[in-house]
Amino acid sequence: MSDHTRPEPDLWATIDTLSEWLDTHRPVEGREGVLLRILKLSEEVGEVAEAVIGATGQNPRKGVTHTWDDVQAELCDVVITALMALRSLTPEAREVFAGHLDRVTRRSTALPAQAEVPRPSL
């Protein structure tokens, strides 16, 4: 089956499955475990930066070490890690995310208020 005909997986069902797997294999429990899962996001963002630097050859000592496909993969890791962190904080991660996305979308796509232009005095 080609990538274009493969059914799209249910994002939140997959996050729940990964969360359950991670919960059974994590070495640190409780609040500290949740905090460490959130901190994992910083590590993943750093890997995005490393991939961008590598894709653009910004480190003259190393040259080009990554591709833009690597950058895409690292961005996907950031998204997955963020969703996993959110799921660790609340079992209602799907609803929390949907509500936040809706607020951001409404705020971002709202027509800007017309600035009042001062009239010149005659």
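The values are calculated or read from the model by the stated rules, or taken from the named source; none is laboratory data. This is a predicted model, so every value here is computed, not measured. Every residue, glycine among them, receives a Cβ derived from its backbone with ideal geometry; neighbour counts consider all protein chains shown. Heads up: the accessible areas ignore ligands, DNA and RNA and are worked out on the full protein's heavy atoms, side chains in. Shrake-Rupley method; radii C 1.70, N 1.55, O 1.52, S 1.80 Å.
Residue order by solvent-accessible surface for 26, 106 is 106, 26, largest first, with ligands and nucleic acids left out and a 1.4 Å probe. For the residues 104, 96, a 1.4 Å probe over the protein chains yields an accessible-area ranking, largest first, of 96, 104. Residue 62 exposes around 120 Å² of accessible area when a 1.4 Å probe is run over every protein chain in place. Taking the C-alpha atoms only, the angle from helix 30-56 to the longest principal axis of the chain is near 70 degrees.
For every other residue with a beta carbon closer than 12 angstrom to the beta carbon of residue 43, add +1 if it is Lys or Arg and -1 if Asp or Glu, then tell me the sum.
Computed value for this residue: -3.
With only Lys, Arg, Asp and Glu charged, each at its Cβ (+1 for the first two, -1 for the last two), find how big the charge dipole of the chain is about the Cα centre; round to the nearest 20 debye.
Details: 13 positive and 20 negative charges, 118 e Å.
That gives the chain a dipole magnitude of about 560 debye.
For region 1-77, GluC sites (Glu not before Pro) are listed when DSSP marks them as loop and at most 10 other Cβ atoms sit within 10 Å of their Cβ; the list is 29. So what does the Cα-only Debye profile of the chain read at q = 0.10, 0.15, 0.18, 0.23 Å⁻¹, as log10 I(q)/I(0), no solvent term? Debye curve over Cα of the chain, log10 I(q)/I(0) at q = 0.10, 0.15, 0.18, 0.23 Å⁻¹: -0.52, -0.92, -1.09, -1.23. Taking 0.36 nm per residue of sequence separation and removing the Cα-Cα distance, the residue 72/residue 6 pair yields an extension gain of 21.8 nm.
Does region 29-94 come out rounded, prolate or oblate, given a ≥ b ≥ c as the square roots of the eigenvalues of its C-alpha gyration tensor, rounded meaning a/c under 1.5 and, failing that, prolate meaning a/b above b/c? In terms of gyration-tensor shape, prolate. Shown are 6, 94, whose ranking by accessible area with a 1.4 Å probe and every protein chain present, most to least, is 6, 94. Residue separation of residue 62 and residue 92 scaled by 0.36 nm, minus their Cα-Cα distance, works out to 6.4 nm of gained length.
Here the gap between residue 80 and residue 45, fully extended at 0.36 nm per residue and compared with their Cα-Cα distance, gives a gain of 11.4 nm.
Pairs of alpha-carbon atoms within less than 8 angstrom and 6+ residues apart define the contacts here; what relative contact order does the chain have, in percent?
Details: 69 pairs, mean separation 30.4, N = 122.
Once normalised by length, the contact order is 25 percent.
Axis of helix 68-89 versus longest Cα principal axis of the chain: the two differ by about 90°, to the nearest ten degrees.
Taking amide H atoms as placed 1.01 Å from N in the peptide plane, the amide H of residue 65 lies under 5 Å from those of 55, 57, each 5 or more residues away in sequence or on another chain.
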